[in-house]
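Okay, structure first, notes after.
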Amino acid sequence: MNDFDPANATQSSAVVENSTTGSEEGGNSKRQKILPKTLESKSFAIKDFEGNKEDQEDYIANTMATYKKNLTDRSEHQLGYPFNLEYDYKDLNQLMPFSINNIGDPFIGGDCGNHSRPFEVGVLDWFAEFMKIEKNEYWGYITSCGTEGNFHGILTGRKMFPNGILYASKESHYSIAKAIDMFSMKWVQVETQVSGEIDYHDFKTKLLANKEFPAIVVANIGMVFVVGTTMKGAVDDIDFIIQILKEGGISQDRFYIHCDGALSGILLPFMECEKKVISFKKPIGSASISGHNFIGCPITCGVLITRKDYINFHSRNIEYIASQDATIMGSRNGHAPIFLWHALNREGCKLIQKQVEECLKNARYLKGCLCKAGISAMLNESSIIVVFERPKDEELIRKWQLASQGNVSHVVVMPHVSVAMLNTFLDELISKRLTWYKDEIPPCLEVDIGKENCTCALHKC
Ligand SMILES: Cc1ncc(COP(=O)(O)O)c(C=O)c1O
């Protein structure tokens with residue numbers, strides 16, 4: 001494993017480049033190199049101590065200590081990825097010795113007794129209420145991550161409309177492209193605005209253009225929209241999307257909307273942004289929200305909520321587990337629902353509200369400091385993601401784990417990101433930047449974040 005050379009590795013590129021339909025482009029015909037910068041080549045070897053117990057115990061203890069030290073350091077410098085590290089799950093240490101597997105349907109008892117389904121259903125009921133759907137009208141499960149929830153939602157749309165076209169914005173998370181690839185779907189890539197929000201005009205144009213192809217349109221249309229893009233935290237306006245569908249003559253029985261609400265899905269109801277919140281009072285089919293993102297959970301997980309009727313597209317009776325199989329995965333993590341249940345029970349909405357307000361305040365603080373220092377930066381209205389000029393120093397990017405794409409990097413201001421942490425980062429960035437641009441002009445970021453957010457020589461006022 002140590003010898004793995006990332007430069008020789010390839011990954012599938014599922015991005016449609018001509019912005020029209022076609023799973024061919026999204027398939028494996030085009031492949032691109034993985035960027036080697038984020039891969040670490042270190043490995044902790046499995047060693048044979050030939051019966052020397054003492055050396056073996058020392059080796060294991062030392063490895064754990066080294067790893068713990070590294071994790072502590074990485075957590076203290078976690079700015080770029082959306083996981084909340086501020087939680088206290090000490091109460092749950094007592095459950096760690098147990099194997100817990102929620103295999104099967106959360107609402108149907110199976111033969112395996114080592115499960116946590118009562119916790120899972122409790123959490124699902126909370127999310128169902130959160131997304132405004134009655135208990136007897138929804139189905140869902142705790143997934144292993146946001147991606148799995150997206151897979152489930154998209155697969156439902158696919159099964160409902162086998163010949164449907166999937167519309168997704170070009171700033172959708174890569175899990176959408178992965179689903180398109182896996183389920184061999186036809187799709188249309190929709191342009192985005194500078195903010196990262198879907199370009200509604202482009203969507204309308206492409207929607208209407210596809211009406212010219214009867215084999216596709218007549219055969220039904222399936223659609224997916226994103227609620228909260230990964231890089232800029234932009235949020236699509238579901239109400240407006242529904243309006244465009246209606247104006248385009250796509251009746252409700254001919255579209256399916258899946259909401260990818262990984263991070264923003266949980267924040268929006270606390271930001272008084274009604275028109276963008278995920279609500280099953282609107283004609284949406286499913287929604288996926290991450291569990292480890294804002295709620296915070298040491299085990300990656302997510303929540304998938306869909307309409308109960310749709311589950312017939314998936315369900316199969318499985319005698320071996322004495323349950324039904326309607327999930328993407330088989331065995332499912334039984335600890336994750338208990339963590340979420342614990343977090344939501346301790347302070348629930350009150351704590352989330354407080355944390356959202358604090359994160360918004362700190363995000364605005366960071367954006368303000370960057371602007372004051374002459375660094376191009378953007379912060380969308382309902383977002384805690386600050387996008388700014390990509391640091392020239394890859395070492396700094398790695399140290400602070402800044403997610404970066406093209407000319408920009410971002411900080412996700414999560415509950416563990418304190419003002420003190422931001423100040424330390426800012427001091428370092430600002431002083432290093434003075435050296436990068438001593439004899440050079442900083443780049444123009446008009447295309448990436450808009451001229452109103454750009455501080456290059458041409459745009460700064
Ligand atoms: C918008 C969006 N969707 C989906 C995901 C996928 O989540 P996960 O990494 O938990 O699979 C992410 C992750 O950051 C995301 O930002």
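Could you give the distance between the Cα centres of segment 355-391 and segment 191-205, to the whole Å? After rounding, the separation between the Cα centres reads 23 Å. Mean sequence separation of contacting Cα pairs (under 8 Å, at least six apart), scaled by the length of the chain, corresponds to a relative contact order of 19 percent. Its Cα centre serving as origin, the chain has a Cβ charge dipole (Lys and Arg +1, Asp and Glu -1) of approximately 740 debye.
Over the chain, DSSP H runs of length four or greater, each weighted -39,500 (n - 2.57), average out per residue to a 222 nm ellipticity of -10500 deg cm²/dmol. Reducing segment 119-140 and segment 408-456 to their Cα centroids gives an inter-centroid distance of 40 Å. For the residue pairs Lys170/Lys281; Lys159/Lys282; Lys90/Lys361, alpha carbon separations beyond 23 Å are given by Lys170/Lys281; Lys90/Lys361.
Of interest is the spacing of the C-alpha centroids, which for segment 265-279 and segment 235-255 amounts to 18 Å. Only aspartates and glutamates eight or more places from Lys399 in sequence, or on another chain, were considered; those with a Cα closer than 17 Å are Glu40, Asp73, Glu76, Glu389, Asp427, Glu428. In the chain, taking the dipole from charged Cβ atoms about the Cα centre, the farthest positive-side position among His152, Met182, Gly450 is held by Gly450.
Using 20 Å as the cut-off for backbone N distance, which residues of segment 295-339 belong to the label zone defined by a point 7 Å from the Cα of Gln94 along Cα→Cβ? Label zone hits: 298, 334-339.
Structural descriptor for segment 349-453: relative contact order 27 percent, calculated from alpha carbon pairs under 8 angstrom and at least 6 residues apart. Taking each residue as 0.36 nm, the span from Ala322 to Lys159 lengthens on full extension beyond its C-alpha to C-alpha distance by 56.2 nm. Ordering of 80-93, 231-244, 352-365 by packing is 231-244, 352-365, 80-93, highest average first (other Cβ atoms within 10 Å, averaged per residue). Determine the shape class of segment 94-348: with a ≥ b ≥ c the square roots of the Cα gyration tensor eigenvalues, call it rounded for a/c under 1.5, and otherwise prolate if a/b is greater than b/c, oblate otherwise. Taking the square roots of the gyration eigenvalues as a ≥ b ≥ c, segment 94-348 is prolate.
In a simple Cβ point-charge model (Lys, Arg +1; Asp, Glu -1; nothing else charged), segment 94-348 has a dipole of about 300 debye relative to its Cα centre.
Hull volume per residue, based on the alpha-carbon atoms of the chain and their convex hull, is 183 Å³.
Any read-out appearing in this document is the output of simple, stated calculations on the displayed coordinates, not a laboratory observation. Quick caveat, the model's predicted, so the values are computed rather than measured. Please note: Cβ atoms are built from the backbone with ideal geometry, for glycine as well, and neighbour counts cover all protein chains shown.
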